[in-house]
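K.L.:
The structure is given below, and queries will be raised subsequently.
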Amino acid sequence: MPIDLLRLCTLDAMPALPQNWWAAWSLAPAVLLPLAVLAGGQGAVARFASPAFPALPGGAARRWRLAGLALLALALVSPLCRLAATLASAHMVQLMVLVAGCALLALGWAPPRRTHPAALPLAAALHGGLLWLWHLPAVYAATLTSSLVHWAATAALAAASFAFFHQAVHAPADRRGAALLAVLATLAHTGLLGALLTFAGQPLYALQAPGARAWGLDPLTDQQLAGLVMWVPGGFGYMALALGLALHGSAQGRRSRRGAGLAARGTREPAARTG
């Protein structure tokens, strides 16, 4: 049993079954070491305030990052990781928690010094493309049976998610509209993926059928629950980000117009006194 806890969350390791799921932690060094490095690197972040959220103080940014790390640990270390290898629905919960953790890390992380205009659409395409690629039945099966594929898929999705959210929340003023559109497009296509999984007429992930039955679920029902998790709670997450970007952009626009009005009034008053 202790050896199983040191392995990644794949089908050949300890499953999370109803009688012992709370004990099915994942202490694999391949996951713990990157998380430890990431946690240790918090002190090396020199700048905390974000140009997209300039009112965010350094202490608040640190709390966002710590909350993000806590969600990553929940997704990759807690019994949720073993549940994700057992149930399709738990797998989708794990992915949504992982993505949310990356979003919180990005919100509290130092903004990029320079960004290329292509960085945001590229990051959005990678984030969305990896979500779709992971749920192709052949790729999904490979992540359940190969530790290397499992680790690579998780690391790639985490990196792409962080890059996407980092570019979106720290987008400069002239690209905030593009950031909002990228988030809305991600909301739309991930919702489509969730709907496809929900309304599929047959189970797509046969390897998890025994796990679903062990939990008293029909495999198709388990898959439908997974689709609903991506479609509804996942959609709310992207919608919240889009709403935050829109509200912040509107507030900044009002401040800019107010500042321009005050500057214009200031230039008129000396001219009036001179006349």
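K.L.:
Please list, ordered by first then second residue, the pairs with beta carbon atoms under 6 Å, 6 or more apart or interchain, first in the range 194-207 and aromatic (Phe, Trp, Tyr), second buried (at least 17 other Cβ atoms within 10 Å of the Cβ).
P.N.:
As it stands, the answer is 205/88; 205/140, since those pairs meet every condition given.
K.L.:
Next question. Which residues, taken from the range 169-206, are surrounded by 15 or more Cβ atoms within 10 Å (Cβ to Cβ), hydrophobic (A, V, I, L, M, F, W, C) and in contact with a Ser or Thr (Cβ under 9 Å, 6 or more places away or on another chain)?
P.N.:
169, 171
K.L.:
Continuing with this model, one more query. With the structure loaded, tell me whether residue 166 is within 18 Å of residue 240 (Cβ to Cβ), in contact (Cβ under 8 Å) with a residue 40 or more places away in the chain and not β-branched (Val, Ile, Thr) or whether it fails that test.
P.N.:
On the way: within 18 Å of residue 240 (Cβ to Cβ): yes; in contact (Cβ under 8 Å) with a residue 40 or more places away in the chain: yes; not β-branched (Val, Ile, Thr): yes.
Yes: the conditions hold for residue 166.
K.L.:
Restricting to the range 120-149, and then to whatever is among the small types (Gly, Ala, Ser) and within 17 Å of the chain's Cα centre (by Cα), can you tell me which residue is surrounded by the fewest Cβ atoms within 10 Å (Cβ to Cβ)?
P.N.:
Here is the first cut: in the range 120-149, the residues among the small types (Gly, Ala, Ser) are 123-125, 128-129, 138, 141-142, 146-147.
Narrowing the set further to residues that are within 17 Å of the chain's Cα centre (by Cα) leaves 123-125, 128-129.
Numbers: 123: 21, 124: 24, 125: 15, 128: 20, 129: 12.
Top of the filtered list is 129.
K.L.:
Give 123, 61 a once-over and let me know the one that is touching a Phe, Trp or Tyr at 6+ places or on another chain (Cβ under 6 Å) and at pLDDT below 95. Steps first, answer last, please.
P.N.:
Numbers: 123 fails: at pLDDT below 95.
Just one listed residue meets the conditions, 61.
K.L.:
Kindly check whether there is at least one residue in the range 74-96 that is crowded, with 17+ Cβ neighbours inside 10 Å and within 30 Å of residue 174 (Cα to Cα).
P.N.:
Within the range 74-96, one or more residues are crowded, with 17+ Cβ neighbours inside 10 Å and within 30 Å of residue 174 (Cα to Cα).
K.L.:
Taking the range 141-171, which residues are closer than 28 Å to residue 209 by Cβ and either among the aromatic types (Phe, Trp, Tyr) or modelled with pLDDT under 95 (or both)?
P.N.:
Here is the first cut: in the range 141-171, the ones closer than 28 Å to residue 209 by Cβ are 141-158.
Of everything in the range 141-171, just one residue is closer than 28 Å to residue 209 by Cβ and either among the aromatic types (Phe, Trp, Tyr) or modelled with pLDDT under 95 (or both), namely 151.
The values are calculated or read from the model by the stated rules, or taken from the named source; none is laboratory data. Because the structure is predicted, anything quoted here is derived from the model rather than measured. Backbone-built Cβ (ideal geometry, glycine too); neighbour counts: all protein chains shown.
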